[in-house]
Amino acid sequence: MMQKKKKYLFYLAHPAHFHLFRNCMRLLTDHGHTVLVTIKTKDVLSRLLQESGMDYINVAEQERNDSRWGIARAFISRVLRHWKIARRFKPDVFISTSAEFAPFAKLLGIKTISVFEDDLDIFPMYSNTFVRFLDHQLCPESCSAARWEHHPKTIKYRGNQELAYLRPAYFQPDYTKVKDLFSGNRLNFFIRFAKLTAWHDENKTGITDKLALEIIRLLEPYGRVHLSSERALPPELEKYKVNVKASDILHVLYFADLYLGDSQTMTAEAAVLGTPAVRFNDFVGKLGYLEELEHRYGLTYGIPTGEAETLLEKLNELIQTPDLKAAWKLKRDKLLRETIDPTRFFAWFFGNYPESAAALKANPHLQNQFFDHAA
């Protein structure tokens, strides 16, 4: 039973955040709460909101410069814009995947909740600077909250963020979305290049153009290669780039026979959808939710950037494995049985906040009500 009607301010900084919160925001508004969405320009994020018909305020319409000064200036600009918006809207709760706005929200008397899944061990500046101002933070059980691991403000749940929008209750694959793209009688491979220019990506690398060409030479005899990229591509790779609606990319991931990329989020999305996924970047071994998907459920493989030959060997092994997708479906079914529905959990937690936080601390098993027994 939800409490009195509240006002929520959601800040979305990545396309995955739109997917993460969209169903939760709908449930909150269905119960009479008021939701305001702010975003920054990032990849296809604004397109996703436009295609969904959702109203939003863009607090950073121009993509920032990737220099340290550019990152800092963009941060200050976002804070100032949110300060003005928050004073006008007067939200009860500010919800984001980041704690960067917690300090000014505290000054305004606004409760702040961060929902994250990247281990805080690898973001010491963020952990040491901003988290102290949060009221609460939600993260998967597989995720490390670093110095805040056993702090009362940290609440963990059984699952990961991708399950909030990719469980069968929220995502129904539709082949008509990809039929003009995919070959029906050959394998279809989907490759994703991330930009890797966020402040936490400093000195991190992924798939180079040279390696991408080697991968394509390996895969092409077996099927069609489809490529998506945040970064500019040379002409020899540009011809593989797909032209698909931002809102349809999850259908592409579902029907692909194999996913390869240097993006954390899209790797997890492919794995949760039951598509064999291989990740190649410098975060391998450092993120708990991806380690869980790899080592507990066997849905993905992480290969560090210094091991290009290992990557090619793993791809060769997978494309020659019979009934690969059928095996991955069984692994995905196990994941769905053992995890809760994060969307219903978030909606309950936000809608009954702050009493919900105290109740969960007293009885962590309360989250068991959000298991999907139909999974």
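Calculate I(q)/I(0) for the chain by the Debye formula, one identical point scatterer on each C-alpha and no solvent, and give its log10 at q = 0.08, 0.09 Å⁻¹ to two decimals. Reported log10 I(q)/I(0), two decimals: -0.40, -0.51. Each peptide in 49-60, 284-295, 316-327 was scored by the mean count of other Cβ atoms within 10 Å over its residues; highest first, the order is 284-295, 49-60, 316-327.
Ranked for footprinting exposure by Cβ neighbours inside 10 Å, fewest first, Arg167, Arg73, Arg22 give Arg73, Arg22, Arg167.
This ranking places Ile76, Ile216, Ile340 by how few other beta-carbon atoms lie within 10 Å of each, fewest first, which gives Ile76, Ile216, Ile340. For the chain, taking a cut-off of 4.7 Å between Cβ atoms, the unpaired cysteines are Cys24.
Relative to the longest principal axis of the Cα atoms of the chain, the long axis of helix 68-89 makes an angle of roughly 50 degrees.
Checking the cross-link pairs Lys84/Lys111; Lys245/Lys331; Lys239/Lys329 against a 21 Å limit on the alpha carbon distance flags Lys245/Lys331; Lys239/Lys329 as lying beyond it. Of the residues Gly302, Phe283, Leu324, the one whose Cα sits farthest towards the positive end of the charge dipole of the stretch 273-375 is Leu324 (charges of +1 on Lys and Arg Cβ, -1 on Asp and Glu Cβ, taken about the Cα centre).
Between Thr265, Thr343, Thr176, the GNM of the chain built on Cα springs shorter than 10 angstrom shows Thr176 fluctuating the most. Of the residues Ile113, Leu187, Tyr170, the one whose Cα sits farthest towards the positive end of the charge dipole of the stretch 72-197 is Ile113 (charges of +1 on Lys and Arg Cβ, -1 on Asp and Glu Cβ, taken about the Cα centre).
Given +1 at the Cβ of Lys and Arg, -1 at the Cβ of Asp and Glu and no other charges, the dipole of the stretch 175-336 around its Cα centre is 560 debye to the nearest 20. The calculated 222 nm mean residue ellipticity attributable to helices in the chain amounts to -11500 deg cm²/dmol, summing -39500 (n - 2.57) over DSSP H runs of n ≥ 4 and dividing by all residues. Cα centroids of the stretch 298-325 and the stretch 144-193: how far apart, whole angstrom? Going from one Cα centre to the other spans 19 Å.
Of all aspartates and glutamates in the structure, those lying under 18 Å Cα to Cα from Lys210, and not within fewer than 8 positions of it along the same chain, are Glu220, Glu230, Glu236, Glu238, Asp262, Asp282, Glu307, Glu309, Glu313.
Values in this text are rule-based calculations from the coordinates and carry no lab data. The structure displayed is predicted, hence computed values, not measured ones. A quick note on method: Cβ atoms are made from the backbone with ideal geometry, for glycine too, and the neighbour counts reach across all protein chains shown.
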